[in-house]
Each structure stands twice: as structure tokens, then as C-alpha cells.
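Participant: Sending over a structure as C-alpha cells; questions will come in a sec.
The values are calculated or read from the model by the stated rules, or taken from the named source; none is laboratory data. The structure displayed is predicted, hence computed values, not measured ones. Please note: Cβ atoms are built from the backbone with ideal geometry, for glycine as well, and neighbour counts cover all protein chains shown. The protein model used for the area step is the full one, side chains on, heavy atoms only, and it has no ligands, DNA or RNA in it. Shrake-Rupley method; radii C 1.70, N 1.55, O 1.52, S 1.80 Å.
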Amino acid sequence: KLCVFKNLKEHNLKEMLDEKLIVTVNSDDPAYFGGYVNKNLIECQAALNLSMEEVKTLIINSFKSSFLKEEEKSEWIEQL
């Protein structure tokens with residue numbers, strides 16, 4: 001929607017993961033942009049051929065980057 005990349009296959013998310021950057025997939029304004037977090041993760045995985053481990057890393061990064069208390073972050077990450 002923002003036209004930063006022509007399509008999702010051109011996105012540099014995988015390269016950022018390969019560089020060990022803490023990147024996340026989000027769902028800002030899903031009604032406008034057309035996707036909730038789970039749909040966005042599924043589409044990124046398919047378009048960029050991400051492994052399940054890379055998808056898990058994205059989810060863990062989301063918890064690490066959240067405003068949750070450290071104890072809560074750890075609890076959620078342990079469940080993955």
C-alpha cells in the first residue's frame with residue numbers, strides 16, 4: 001500500500017533477518033492495509049520463502065520489541 005516495494009517478493013525482510021537485525025511484521029490499521037498480523041506473516045513467509053524458524057524469529061522479535069514487562073515477554077516467548 002505504501003509502494004516502497006513493487007511487490008512483497010522484492011521486500012528486504014529476509015536480508016534483514018540474515019543480518020540478525022531485530023525486525024518485526026505488524027498490522028497497523030488492518031482495515032486500511034488489508035491484513036492482520038497472522039495474514040501478514042503468512043504472506044511474508046510465502047513471498048520470501050521464509051523458514052518456520054525465521055517466522056518464529058519474527059514473532060519472538062515482536063515480543064522483545066513490545067511494551068510488555070520483561071517477565072511477560074519471557075513467558076510468551078517460552079510458549080513458542
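Participant: Rounded to the nearest 20 Debye, what is the dipole magnitude of the chain about its Cα centre when Lys and Arg each give +1 and Asp and Glu each give -1 at the C-beta?
Facilitator: The calculated dipole for the chain is roughly 300 debye.
Participant: I'd like the per residue volume of the convex hull spanned by the Cα atoms of the chain, given in cubic angstrom.
Facilitator: That works out to 103 Å³ per residue.
Participant: With a 1.4 Å probe and all protein chains left in place, how much accessible area per residue does the chain have, in Å²? Let's see the in-between values first.
Facilitator: Details: 6220 Å² over 80 residues.
Ligands and nucleic acids excluded, the result is 78 Å² per residue.
Participant: Could you tell me which chymotrypsin sites (Phe, Trp or Tyr not before Pro) in region 32-80 are loop residues by DSSP with no more than 14 other beta carbons within 10 angstrom of their beta carbon? Can you show the working numbers first?
Facilitator: Values: sites: Tyr32, Phe33, Tyr36, Phe63, Phe67, Trp76; in loops: Tyr36, Phe67.
For chymotrypsin sites (Phe, Trp or Tyr not before Pro) across region 32-80 that sit outside H, G, I, E and B with at most 14 neighbouring Cβ atoms in 10 Å, the list reads Tyr36, Phe67.
Participant: Roughly speaking, what is the stretch gain from Glu70 to Val37, that is 0.36 nm per residue apart minus the C-alpha to C-alpha distance, in nm to one decimal?
Facilitator: 9.7 nm
Participant: Measure up Lys20/Lys64; Lys1/Lys73; Lys9/Lys73 against 22 Å on the Cα-Cα distance and list the ones that go over.
Facilitator: Pairs exceeding 22 Å: Lys1/Lys73; Lys9/Lys73.
Participant: Further, regarding this structure: Ignoring ligands, DNA and RNA, please state the percent of accessible area on the chain from carbon and sulfur, probe 1.4 Å.
Facilitator: That fraction is 54 percent.
Participant: How tilted is helix 37-48 with respect to the longest principal axis of the chain? Cα atoms for both, answer in degrees (0 to 90, nearest 10).
Facilitator: 60 degrees
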